[in-house]
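Notes for the one structure printed next.
Just so you know, all these numbers are worked out from the coordinates, no wet-lab data involved. Remember, predicted model here, so these are calculated numbers, not experimental data. In this analysis, Cβ positions are derived from the backbone assuming ideal geometry, glycine residues included, and neighbour counts consider all displayed protein chains.
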Amino acid sequence: MESLADKKPGTYVVKEVCGEYKKLYDLRIVPGTRITVVYNERGPMIVRVGNSKLAIGRDLARLIKVVK
Amino acid sequence: MEDKKIVALVGQPNVGKTTIFNELTGMTQRVGNWPGVTVEKKEGTMAYKGVKFHVIDLPGIYSLKADSLDQKIARDFIIENKDAIIVDVIDTNNLNRNLYLTLQLIELGRSPILCLNFIDEAEKYGISVDSKKLSERLGGLPVVKTSGRYKIGIEDLKEAIFNYKPIHCEIRYSELLEDTVREIVEKLEKYTLPTEGKFKDVPKRWLAISFLEGDPEVVELFKKNEDLFKEVKKIKEELERKIRHDAESYVAEERYKKVDEILKGIWKEKIIFDDIDRILLHPVYGIAIFAIVMYIVYTVVIGLGDVFIEYIEMFFEYLGGYLGGIIPEPYRGVVVEGIIGGVGTVLTFFPYVAFMMLSLSLLESVGYLARVSALFHNIMAKIGLSGGSTIPLLISFGCNVPGILATRTIPDPLRRLATILVTPLVPCSARFVVIGFMASAFFASHASLFAMGIIAISLLLLVLVSYVVGKYIVKGKPEEPIFELPPFRLPDWNYILKRAWAYTKHFLIRAGTIILAGSILFYYLLHYPSEENCYGMLLGKMVEPITELMGIDWRGALALLAGIIAKELVVSTMEIAYNGKIVEALTPLQAFVLTLVTVLYIPCLATIASLFFETGKSIKWTLFAVSYNLILATLVGIVVYNIGRLLGFV
Ligand SMILES: Nc1nc2c(ncn2[C@@H]2O[C@H](COP(=O)(O)OP(=O)(O)O)[C@@H](O)[C@H]2O)c(=O)[nH]1
């Protein structure tokens, strides 16, 4: 499974959230959620979950495993 | 107050809770602190159809778990106030995330009033919601649509509060989760737990779910009965075996699944898309834009400020002259030189403070400040802080006290502590008073160069100290950043003015209280028993041996002592001590060093107090912050003075 950190802009589905970072759940990043990568080049990644936009550091994004 | 019903506003961050609170309570609100912590507590009164309600704005929280200070405060309040009417404020655009918190409130046995806010935006973007069906699917909870900003639905909300009756409401999750919860509840009925404490009245079902979620407080509670703990732990492990991952994310998933089920067919989501963040958060363009924004802010603040300052100066000059003529001799000195000299000089700088706070509130209101945190995370992480430190540090330019309070939004406790410890190095508006005063007295032709120099030195030291603190003193892994970026919004002037006023108010209050009292005190210290041989001199001379190394005599030393109470007092005390003839008494080098030392040394009393409370009443950390500042100031003062002399300045 690939991590969110390596993804080009597009919409993906979260498969698994590794590690112990609970705030992700509060932001609706749980298995089954659709997550859209808006920008992934320099600086933090920008993603969308529903109608909220998030900036995520790359190391954290590596913990989020997604599929197309 | 006791007989009034309590209304508590609950909601995730940025849902417009504060705006709704302002609409409900109007001018009656008071801001205090939650007991034991300095988290802001806003309270006010709402009157409707002759009934008065006591309204409380709880901190914005994502969930009810007790894993951050804000969440703990909100949750404890809800648990302890069983009869409170809970208004769950929701951003309609993000309904599917916000209902997560609603479900948790229901688990806790509450039946909140749902306030679907931002209805104006939702309608604009074509996001529709069937509030009647939503209410039905939530077991009959009252649902009201509002827009705090455009004052839509506020009367409906008041009516709903007025008519509120608690109802029994239960939301069931999947069979597997429900079975597991039931098993735990059975164990809870079989074994006894300590019955005192705040959890004595909460639903057992809630305790069971919270245990599965790994809520630290509930786990602690269960551990008090060893047999119980062993059995429920087994149940949890059994569940985890079945689902093949951890129970915690399972509970979260189940809630979101339920939310989607509830919203099916009655809420239409539309992605609101904007593109500009890829530029604003870009490590090169983003920082360039930030620099431009800050430059504009600085120019506007100084430009507009100067216009007003001229008039204020004229006013106090006139007032001093006028009062000097009519006040009887024994009081003339203290009024004209002490009060008007001291308080007046400080108040002259009010326009700068007001425009600075106005600009910050404007940037916050349109959503730019949220970007700044994300933009600066990498740089901040390099010096041992975090992106979340950026806003507290920016606020600290206004005043260190709200800056330190703002650190509570930093989730990582170690980064938060590091940020608190370095905050005093951010030059605040009180110190700008000193910088501005010295600049116009000694360096009139190079005033902004002088000011920039002092600010640059203190920010440089901030970077150094953060680095050292992060590396050797508050060690720990850097925190994983995640920032919510609220949509850009047109400025809401009502909100901005209110916000800016809340900050600047303190400046005025300080001028009228502590600065006034300090000016009078130091006036007398400098004139009794006689001007030639006063107590102030005695005090100043005690410190002089050290300050002399930086070229500062006992008068300057006394001003520095006064500045511990409040930094503005350095200016007013010098005005009195040097008899208004400071320009003749000090050389430019001495003035430069004195300003630098004032900016760097011991933080003011109010800052020390917030340091103490926000580090969890740690005497150790408070002493650490105070003493590193003092040592730094002394060293820098001595070094700069002596280098200056070597370079031929006097
Ligand atoms: N369009 C719109 N903006 C709102 C509404 N309520 C609040 N806002 C704006 O949203 C921003 C955040 O509001 P605030 O009350 O501070 O949110 P809080 O963080 O939940 O307390 C401010 O700029 C408000 O002007 C609303 O109903 N409609």
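Longer than 28 Å from Cα to Cα, which of B:K82/B:K132; A:K23/B:K270; A:K22/B:K5 are they? Say none if no pair is. Walk me through the intermediate numbers first.
On the way: B:K82/B:K132 26 Å; A:K23/B:K270 24 Å; A:K22/B:K5 35 Å.
Where the Cα-Cα span goes over 28 Å, the pairs concerned are A:K22/B:K5.
Annotation: the residues B:W621, B:W493, B:W267, sorted from fewest to most other C-beta atoms within 10 Å of their own C-beta, follow the order B:W493, B:W621, B:W267.
Legend: mean number of C-beta atoms from other chains within 10 angstrom of residue C-beta atoms, peptide B:366-376, equals 1.
For peptide A:18-27, what's the mean number of Cβ atoms from other chains within 10 Å of each residue's Cβ?
Working: counts 1, 1, 3, 4, 10, 7, 4, 12, 13, 7.
That works out to 6 on average.
Place the peptides B:642-648, B:444-450 in order of packing, highest mean first, counting for every residue the other Cβ atoms within 10 Å and averaging per peptide.
Per-residue mean Cβ counts within 10 Å order the peptides as B:444-450, B:642-648.
Annotation: peptides A:12-20, B:292-300, ranked by per-residue average of other Cβ atoms within 10 Å with the highest first, follow the order A:12-20, B:292-300. The distance linking the range B:39-66 with the range B:290-356 is 38 Å (Cα centroid to Cα centroid, whole angstrom).
Cβ crowding within 10 Å, taken as a proxy for footprinting-reagent exposure, orders B:T423, B:T18 from fewest neighbours to most as B:T18, B:T423. Which percentage, to the nearest 5, of the DSSP beta bridges contained in the range B:2-162 is antiparallel? Around 40 percent antiparallel, to the nearest 5.
In the protein assembly as shown, taking the dipole from charged Cβ atoms about the Cα centre, the farthest positive-side position among B:L647, B:V433, B:I209 is held by B:I209.
Across all Cα atoms of chain B, the radius of gyration (one decimal) and Dmax (whole number) stand at 28.5, 89 Å.
Taking a sphere under 14 Å around the Cβ of B:G563 and counting the other residues whose Cβ falls inside, with K and R at +1 and D and E at -1, yields a net charge of +2.
Local charge for B:G139 was computed over the other residues whose Cβ lies under 15 Å away, with Lys and Arg +1 and Asp and Glu -1, and equals +3. Applying both filters, DSSP loop and at most 16 other Cβ atoms within 10 Å, to the GluC sites (Glu not before Pro) of the range B:494-571 gives B:E531, B:E532.
Regarding the range B:46-126, what whole-number volume in Å³ per residue does the convex hull of its Cα atoms give?
Working: hull volume 9.0 nm³, N = 81.
Measuring per residue, one finds 111 Å³ for the Cα hull of the range B:46-126.
Entry note: the range B:2-162 has Rg to Rh equal to 0.94, where both radii use alpha-carbon atoms and Rh is the Kirkwood radius.
Counting only other chains, what is the mean number of Cβ atoms within 10 angstrom of the Cβ of each residue in peptide A:54-61?
Details: counts 5, 15, 5, 12, 3, 3, 4, 2.
Average per residue, whole number: 6.
Kirkwood-based Rg over Rh for the range B:285-646 (C-alpha set), two decimals? Dividing the radius of gyration by the Kirkwood radius yields 0.98.
Grouping the Cα pair distances of the protein assembly as shown into 10 Å bins from zero gives a pair-distance distribution of 3, 13, 21, 23, 18, 12, 7, 3, 0 percent in increasing distance order. Percent of C-alpha pairs per 5 Å bin in the range B:175-268, short distances first: 2, 13, 23, 23, 15, 11, 7, 3, 2, 1. D by Stokes-Einstein for the range B:417-495, Kirkwood Rh over Cα pairs, 25 °C, 0.890 mPa s: 155 µm²/s. Mean sequence separation of contacting Cα pairs (under 8 Å, at least six apart), scaled by the length of chain B, corresponds to a relative contact order of 11 percent.
Each helix, a run of at least 4 DSSP H residues, gives -39500 (n - 2.57); summed and divided by the residues of chain A, these come to -1500 deg cm²/dmol at 222 nm. Using just its DSSP H runs of length 4 or more, each adding -39500 (n - 2.57), chain B gives a mean residue ellipticity at 222 nm of -19000 deg cm²/dmol after division by all residues. Net charge in the neighbourhood of B:G342 (other residues with Cβ under 14 Å of its Cβ; Lys, Arg +1, Asp, Glu -1) is -1.
Against the main long axis of the alpha-carbon atoms of chain B, helix B:95-107 sits at an angle near 70°.
Cross-linked pairs A:K65/B:K264; B:K145/B:K477; B:K65/B:K234; B:K124/B:K505: Cα-Cα separations exceed 32 Å for B:K145/B:K477; B:K124/B:K505.
Mind running the shape call on chain A? Use the C-alpha gyration tensor, a ≥ b ≥ c as the square roots of the eigenvalues: rounded below 1.5 for a/c, prolate if a/b tops b/c, oblate otherwise.
On the way: a/c = 1.22, a/b = 1.21, b/c = 1.01.
Verdict is rounded for chain A.
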